[in-house]
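A quick write-up on the structure given underneath.
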Amino acid sequence: MLRLNKENTFSLTNMSKGGRAAVARSRSIDHQLDEERERREKEVQILIIGGPGAGKSTFIKQLRLHYGDQFPQFERRLFHDQILQNVAMGLVHLIEHMERLGLQFETPEVQKLAAEFRKKHPRISIVTLIKKFKEENEKAEEICPVTTRAELTKRLSSFDVYNPEVPNVDDMHTLWADPAMQLCFERRNKFETDKLTHSSEYFLHHIGRICSGDYLASVQDILLIRWPTLGVQEHKFLVDSLLYRMIDVAGQRSLRKKWIHFFDEVTAVAFFVNLAAYDEYLEEDPSVNSLQDSLQAFIEISNSPFLDKTEFILFLNKKDIFASKIKSTPLSICFQEYKGSQSLEASLKHVKEQFLQNKPSQKQVYTHVSCAIDVPHMKDLLASVIDCIAEINLRRSKNY
């Protein structure tokens, strides 16, 4: 039996073997709980989600710039092929518009080159890539079904369904120098549909520098790369002795069922919205407005019972492009009920309200209007976000 000694502690002298084993198990459990609590205090997991083109990958690059290795020179060279591919996409986009406008290349030789270039470097089709991705995933599942999130992360990050051929620099110089191509580029703001992206415009403006022999990607070049994320990418950053594990998952509509596998142990959810997509439609379903699709996705995930106690950080991103568009394209194209002012402030307020009024009343959502390619702006914003996440983690650790 247990008896109390002079120091008011329990003696195990006469305790049975079963009793001593129970105490040992209890101490072991306490030790494991202490270790788990310590691990949680030192590590946070942020689930980064949002629709295609919302700026998730750019956000990760900004974290790397301000809290990581800042893209050393040897690594910047690795981005060269992706940047050349982005230039090629811009050129092919213009070639397609030249056909619509009835513009002809100056010589039959350049016309033939354009046709070959377009065939060799077709524009990215998200629908096609998703199909390939699903096929690869199904094959892998048949061979070896996954049972843990770690296994799923490893598998979904291993598929390479987009591996385009690197374009020839001389061919791009020839196409870009053609007078008809230049005229088409000058008329880009008059394209009624299928407009050039901000990224394509940027890279075409800098095609001379990018195609030079001594080219080394700048930070701005890296931030403006557009490359589809179809699987899962995990990134780690150490800030003030706290390990930030960022889990970036594909945002395409038909791949969102995978999101639920990453809800466990998430400290917070960072949800990205492309503000500039308010007058755009999904490639997967051209009948669905892109911003409305983001709103519906936010409503669904913020109301998920699996994330009932998880706090959200909402990024209303691409404010710069939104500010430019709202001057001529009314917000009512997305929100038909909106009759307010077309000013930037009023329009932003309405969009923000649409998201926040549809979240659960008890859920905390921290909202930021952002421009993920603006380095000074993101430096200040990230400092605020990092502090916010640290506070969230501290509260969670105390409640564990």
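Just so you know, all these numbers are worked out from the coordinates, no wet-lab data involved. Note that the structure is a prediction, hence the values are computed from the model and not measured. Cβ coordinates were reconstructed from backbone atoms using ideal geometry, including for glycine residues, and neighbour counts include every protein chain displayed.
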So for each of 42-48, 171-177 I average, over its residues, the number of other beta carbons within 10 Å; can you give me the resulting order with the highest mean first?
42-48, 171-177
How far apart, in nanometres, would the label points at TYR281 and GLU353 be if each is projected 7 angstrom from Cα along the Cα-to-Cβ direction?
2.8
If the limit is 19 Å between Cα atoms, which of LYS236/LYS257; LYS195/LYS325; LYS319/LYS352 go over it?
LYS236/LYS257
In segment 296-400, the trypsin sites (Lys or Arg not before Pro) that sit in a DSSP loop and have at most 11 other Cβ atoms within 10 Å of their own Cβ are LYS309, LYS327, LYS339
May I ask you to derive the FRET efficiency for HIS198 and LYS363 from their Cβ-Cβ distance with R0 = 35 Å, giving the value to the nearest 0.05?
0.60
Distance histogram in 10 Å bins (all Cα pairs of segment 227-348, percent per bin):
11, 37, 32, 17, 3
To the nearest 0.05, how large is the calculated FRET efficiency for SER304 and GLU106 if R₀ is 51 Å and r is the Cβ-Cβ distance?
0.35
Once the Cβ-Cβ distance between VAL169 and LYS398 is put in as r, and R0 is 41 Å, what FRET efficiency do you end up with, to the nearest 0.05?
0.10
